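Okay, so here's the structure we're looking at.
The values are calculated or read from the model by the stated rules, or taken from the named source; none is laboratory data. Bear in mind that the values here come from a model prediction, so they are computed numbers and not experimental data. Positions of Cβ are generated from backbone atoms using ideal geometry, with glycine treated the same way; all protein chains shown enter the neighbour counts.
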Amino acid sequence: MRYRALAMAILMAVTTPLYPEGLPDLGDTSEAALPIRQERALGQQIMREVRTDRSYLDDPELTAYLQSLGMRLVRATPASGQEFEFFVIMDPSLNAFALPGGFIGVHTGLILAAQNESELAGVLGHEVAHVTQRHIARIIAGQKTTLLTSLAALAVAILAARSNAQVSQAAIATAQASAIQNQLDFTREHEREADRVGLQTLAAAGFDPSGMASFFERLQRATRPVESNAPSYLRTHPLTIERIADIENRLSGLSKREPQDSLDFLLAKAKIRAMTSSLQEAMRYFEPGSKESANERVARIYGVATALRRAHDLTRAEKEARQLAGNGPQHPMIESLFAGIKYDQKQYAGALELYRNGLRIYPKDRALFYGQVETLLASKNYPEALKVVTDKLQNGNDEDKLYELQAKIYAAMGKRLLQHQAQAEAYYRRGNLRGAEDQLRIAIKSGDGDFYQVSSVEARLRQVRAEISALKASERDRL
């Protein structure tokens with residue numbers, strides 16, 4: 001477990017720092033050193049470790065918001081042509097990072113610190129620029145000697161510095177210290193490039209481009225003389241007076257906007273605040289202000305109700321939530337809140353009705369869908385739960401969580417072969433081929449499947465083992 005936690009914290013590092021100035025010729029050495037397909041595969045390997053760590057926040061509502069915001073920026077980026085996945089890390093520090101292959105993580109502390117949506121979008125735009133400008137591939141192309149064989153060691157050393165200086169020194173001692181130092185020498189130039197591209201993206205996506213500058217300036221003002229006391233984002237994204245001046249100069253050529261914060265942003269912040277504060281702290285924070293917009297009022301009441309629900313004060317939570325019924329903007333997170341309170345009260349019939357009503361309005365909402373399935377499970381309506389999940393899978397939705405829910409339903413029904421087969425598919429979609437192989441072997445030995453089910457599992461096991469062998473051969477070739 002110690003290695004997993006360290007790997008998660010450290011393997012994230014290899015992306016955000018380090019890059020040469022000027023928009024690069026991306027079809028040149030970067031693509032030759034690390035093709036986009038290989039970079040994506042590397043990112044998936046790292047994400048396998050990230051997802052096993054307790055700080056990885058598998059919250060469908062927060063993830064959906066961050067993914068929506070991030071993809072709005074990606075769509076405004078010329079010719080990105082890359083896949084992106086945005087995810088949340090439960091951590092109070094102010095940090096965000098990009099991984100190989102377009103995986104971008106944001107700490108909850110940074111989301112809370114953003115005073116408006118343009119500030120948060122500014123940070124994401126900066127990280128998106130690191131990906132679209134192929135900075136990792138360019139690092140490898142410039143180094144020429146370590147390439148992919150030492151990328152994991154580089155990741156360990158660089159990201160260790162994000163959390164603990166002593167761990168960093170130990171990691172650097174086990175990696176190629178001189179190569180790592182050479183990478184760090186390029187950090188400021190690459191950060192300026194990400195600033196430049198990120199600002200253009202921010203403006204093109206309809207946000208206020210000054211959001212990037214205001215957030216960075218506020219972080220810098222918070223910095224103390226001792227570097228270890230600086231916010232995490234400043235330690236991994238060094239800010240200089242020259243860099244901030246460069247950002248401000250570029251702002252003069254961009255139109256200033258004053259977009260209204262979306263309800264999505266306000267609700268996401270309110271949920272994180274309620275999740276990460278004591279009830280007393282949350283209630284103080286959500287005191288009504290003298291001037292608040294309709295969206296701010298909705299988010300404030302949502303935050304109070306969510307904090308009360310988290311404290312298991314369900315009567316008061318329901319009373320607060322009722323203020324949102326039929327008044328002002330509606331939202332799937334509000335529908336999910338109502339249904340979740342009923343679920344916590346063990347009023348499963350009422351919860352199920354609310355989840356179904358919510359899905360009629362917001363048919364693609366993942367939180368409402370998962371809530372519906374969990375309610376069917378809690379009420380022991382296994383056949384309907386299985387049908388709902390299976391229908392979703394058959395309609396082209398192939399995400400790992402659906403297979404995990406399917407495995408949970410089969411386990412409740414006592415169908416062991418099908419349980420482990422579904423769990424194998426969940427692991428496979430997370431890139432955990434060894435875990436998938438283990439689950440398939442257990443499924444074959446379960447003893448409760450018919451001839452056709454066992455044959456299907458055996459065939460799938462052969463496919464997974466072939467992929468594992470191909471990966472091993474590929475790794476040997478790289479060495």
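Say whether the condition of being closer than 21 Å to residue 464 by Cβ and within 23 Å of the chain's Cα centre (by Cα) is met by at least one residue in segment 415-423.
Within segment 415-423 (the criterion being closer than 21 Å to residue 464 by Cβ and within 23 Å of the chain's Cα centre (by Cα)), the answer is yes, since at least one residue qualifies.
Among the residues of segment 315-326, is there at least one that is buried (at least 18 other Cβ atoms within 10 Å of the Cβ), over 19 Å from residue 361 (Cα atoms) and among the aliphatic types (A, V, I, L, M)?
Yes, segment 315-326 contains at least one residue that is buried (at least 18 other Cβ atoms within 10 Å of the Cβ), over 19 Å from residue 361 (Cα atoms) and among the aliphatic types (A, V, I, L, M).
Kindly list, by first and then second residue, each pair from a residue in segment 445-459 that is in a loop (DSSP other than H, G, I, E, B) to a residue that is buried (at least 17 other Cβ atoms within 10 Å of the Cβ) and at pLDDT 95 or above, limited to pairs with Cβ atoms under 6 Å and residues at least 6 apart or on different chains.
446/416; 446/417; 448/416; 448/417; 449/417
Looking only at segment 123-141, filter to residues that are out of contact with any Ser or Thr (no Cβ under 8 Å at 6 or more places or on another chain) and either on the phi > 0 side of the Ramachandran plot or in a helix (DSSP H, G or I) (or both); which one of those is modelled with the lowest pLDDT?
Across segment 123-141, the extreme among qualifying residues is 139.
Looking only at segment 64-76, count how many residues are without any contact (Cβ under 8 Å) to a residue 40 or more places away in the chain and within 9 Å of the chain's Cα centre (by Cα).
The total comes to 1.
All but one of (1) over 24 Å from residue 374 (Cα atoms); (2) without any contact (Cβ under 8 Å) to a residue 60 or more places away in the chain; (3) out of contact with any Phe, Trp or Tyr (no Cβ under 6 Å at 6 or more places or on another chain); (4) surrounded by 15 or more Cβ atoms within 10 Å (Cβ to Cβ) hold for residue 432; which doesn't?
Evaluating residue 432 over (1) over 24 Å from residue 374 (Cα atoms); (2) without any contact (Cβ under 8 Å) to a residue 60 or more places away in the chain; (3) out of contact with any Phe, Trp or Tyr (no Cβ under 6 Å at 6 or more places or on another chain); (4) surrounded by 15 or more Cβ atoms within 10 Å (Cβ to Cβ) leaves (2) as the failure.
Would you tally the residues in segment 445-466 being crowded, with 19+ Cβ neighbours inside 10 Å, at pLDDT 95 or above and over 18 Å from residue 400 (Cα atoms)?
The number of residues fulfilling the criteria is 0.
Any chance segment 60-71 includes a residue that's under 25 Å from residue 275 (Cβ atoms) and either in contact with a Cys (Cβ under 7 Å, 6 or more places away or on another chain) or part of a strand (DSSP E or B) (or both)?
no
Across segment 411-429, what is the number of residues that are surrounded by 21 or more Cβ atoms within 10 Å (Cβ to Cβ) and assigned to a loop (DSSP other than H, G, I, E, B)?
Residues in segment 411-429 being surrounded by 21 or more Cβ atoms within 10 Å (Cβ to Cβ) and assigned to a loop (DSSP other than H, G, I, E, B): 0 in total.
Tell me whether segment 98-106 contains one or more residues that are free of Cβ contacts under 8 Å to residues at least 60 places away in the same chain and aliphatic (A, V, I, L, M).
Checked against the condition, which is being free of Cβ contacts under 8 Å to residues at least 60 places away in the same chain and aliphatic (A, V, I, L, M), segment 98-106 yields at least one hit.
Considering only segment 392-410, I want to know if a residue exists there that is of a type in the set (Gly, Ala, Ser), part of a helix (DSSP H, G or I) and modelled with pLDDT under 95.
no
Suppose we filter segment 298-327 for residues that are at pLDDT below 95 and out of contact with any Leu (no Cβ under 9 Å at 6 or more places or on another chain); how many remain?
Here the count works out to 5.
Of the conditions (1) part of a helix (DSSP H, G or I); (2) more than 29 Å from the chain's Cα centre (by Cα); (3) not polar (S, T, N, Q), residue 342 clears all except one; give me its number.
The one condition residue 342 does not meet is (2).
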